[in-house]
1. Test of understanding: in a Gaussian network model of the chain with alpha carbons linked when under 10 Å, which of 17, 78, 37 would top the mean-square fluctuation ranking?
2. So who's got an amide H within less than 5 Å of the one on residue 83, skipping anything under 5 residues away but keeping other chains? H placed 1.01 Å off N, in plane.
3. Can you return the aspartates and glutamates within cross-link range of residue 33? Criterion is Cα-Cα under 18 Å, with same-chain partners fewer than 8 residues away left out.
4. Cα to Cα, under 27 Å, and not fewer than 8 places away if on the same chain: which lysines meet these conditions relative to residue 95?
5. Mind telling me which of 71, 109, 38 comes out most flexible in a GNM of the chain, alpha-carbon contacts under 10 Å?
6. Quick one: if you stick a label point 7 Å off each Cα along the C-beta vector at residue 162 and residue 6, how many nm between them?
7. Sequence gap at least 6, Cα distance under 8 Å: using those rules, report the relative contact order of the chain to the nearest whole percent.
8. Quick check on region 129-178: take the gyration tensor over C-alpha atoms, sort the square-rooted eigenvalues as a ≥ b ≥ c, and tell me if it's rounded (a/c under 1.5), prolate or oblate.
Amino acid sequence: GFSTGQIGFGWSLDLDLQGNVYVADTNRGKILKYDSLGNFTLEWTPSNSNNRIAVDRTNGYLYTIDNNGSGIVQKFDLSGAPLLSWGGIGTATGKFAIGDLNVAVGPDGLVYCADFGNNRIQVFRPDGTYVRGWRDTAGILGISVSPSNLVYVSCGPNLVQVFDAFGGGLCSFGSTGS
């Protein structure tokens, strides 16, 4: 078994403005919080398996997205209190395919969800309201949003695409190595 504060399988992590580290432990189904020196401070159990997490550094929230069957996005405060959830499985706006999902938060607090199975990015307000989205045919795996609101998407093992906040393609880079 695991003791409190031990990581079983840290699948995803992010930081807040104070340098606290949040780890999604998919083995234990928990979110673990550590201070900037690595001291354990808190853990909580979301209702989804929390495979991917992102911290909203502007507004002080943490988002999880479940890619193991529910397609649910959950929003928490940084002490683990649940605030909101949305999503589900499907192809309609606001729904997600089963499979690789990822989440990131822009500097404006918008939540970007990468949906590999539906080949798209969906963008939501912090209250879960759909804002916009765009399709990407390269196979979305990871997503990150820069302080200047550029959206970086890893597509497969060897390609990164860069978009503006509205889905306009700006550039891509990467290649297969030897």
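Every read-out reported here was derived from the displayed coordinates using simple, explicitly stated rules and does not represent laboratory data. No experiment lies behind these values; they were computed from the predicted model shown. Cβ coordinates were reconstructed from backbone atoms using ideal geometry, including for glycine residues, and neighbour counts include every protein chain displayed.
1. 37
2. Amide H neighbours of residue 83: 75, 76, 77.
3. Those aspartates and glutamates meeting the cut-off are 14, 16, 25, 43, 56, 77.
4. Qualifying lysines at Cα under 27 Å: 30, 75.
5. Taking springs between Cα atoms under 10 Å, the residue moving most is 38.
6. Going by the 7 Å Cα→Cβ label model, 4.3 nm.
7. After rounding, I find 11 percent.
8. prolate
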